[in-house]
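Here's the structure we're looking at; comments come further down.
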Amino acid sequence: MKKMRVMIIGAGKVGASLAKASKKIGWPITLYSARKFEPKKPLNCDFLILAVRDRDLAPLAEKIAKSGHLSKKAVCVHVAGALSADELAPLRDACAGVAQMHPMISFASKAKPPRLAHGHVHVKGDAIAEARAKKFARAIGMTPRTFAKLDTIGYHAAAGLVANGAAALAAIGVSVLVEAGVPKSDAPKMLSAFSTSWLGSNFRSSCCLATT
C-alpha cells in the first residue's frame, strides 16, 4: 500500500490518536494545534484531517480555502459524527474532494488513547476523498463503512447514548460494590475487567436480540 502524507489540524484526543496511529504504520505525519494553526505556507499533504470542534469546522475550512495553500491534489476530511461532508464545502474548489470520516470510538482520555484497531469508521463524501479515507482507515487497522442514507444526528446520538450510558452505569456499579463492602480503590478495577469480558462475549448477541 502506497503511503500518504497525512496532516492533522487539531491536536486534541481524536487528532493525537490518529497522528499516533499514522506514525505507528510509518506514514509521514504533521500534527498542528488548531488554536495555533495559521495557513501561511503550502500544506504539503495528500490527506488532510480536520479534528476540531464542530463549531470550528466551517470557519477553519473557509480559512484554508482562502489561503490557497492546500494542494488541488489533496483531499480533506473531518471527524465530526453529527456533520456531513458539506461542512467542508468551501474546500471543494480548493482541493480534490472532501468527506466525513468519523471513528465510532470513545476518545475519553488524551493521556490514554483508545485502541483504534478493529474499530469502525463512517466515511461519506466525494468519491476520491472517500477512497483515501478508507485507505487510511484500513492502514491503521479500522473497518471503513459507507451508508447511502444516514441520519448523522441519529448516528451520533447512538454513539453518545452507549458511551454516556455505560459511564453512568459504571459509576452506579462502583457505588453498589463499595456499599457491598468492596474497597473503593478496587471497585473500578473489578468492574473494568468485568465490562471488558462482557463486551467481548455478549455485546454483539445482545444487539442482535434487541433488533429482532
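The values are calculated or read from the model by the stated rules, or taken from the named source; none is laboratory data. If you're wondering where the values come from, they're calculated on a predicted model, not measured in any experiment. Glycine gets a Cβ as well: all are built from the backbone with ideal geometry, and neighbour counts include every protein chain shown.
Tabulated data for the structure shown
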| item | result |
| --- | --- |
| Total residues in segment 9-28, condition under 20 Å from A108 (Cα atoms), hydrophobic (A, V, I, L, M, F, W, C) and not in a helix (DSSP H, G or I) | 2 |
| Number of the exception - A61 against (1) closer than 22 Å to T143 by Cβ; (2) of a type outside the set (F, W, Y); (3) over 12 Å from the mean Cα position of the chain (by Cα); (4) modelled with pLDDT of 95 or more | (1) |
| Selection from segment 80-108 of residues that are assigned to a loop (DSSP other than H, G, I, E, B) and under 13 Å from the mean Cα position of the chain (by Cα) | A80, G81, A82, L83, M104, I105, S106, F107, A108 |
| Enumeration of residues in segment 151-184 that are more than 29 Å from the chain's Cα centre (by Cα) and surrounded by 10 or more Cβ atoms within 10 Å (Cβ to Cβ) | S175, V176, L177, V178, V182, P183, K184 |
| The one condition in (1) assigned to a loop (DSSP other than H, G, I, E, B); (2) acidic (D, E); (3) crowded, with 20+ Cβ neighbours inside 10 Å that E130 fails to fulfil | (1) |
| Candidate set: segment 29-41, residues that are in a loop (DSSP other than H, G, I, E, B) and out of contact with any Lys or Arg (no Cβ under 9 Å at 6 or more places or on another chain); chosen: the one nearest to H102 (Cα to Cα) | S33 |
| Residue within segment 34-43 that is buried (at least 17 other Cβ atoms within 10 Å of the Cβ), within 19 Å of the chain's Cα centre (by Cα) and in the same structural domain as A133 (by TED's automatic domain parsing) present | yes |
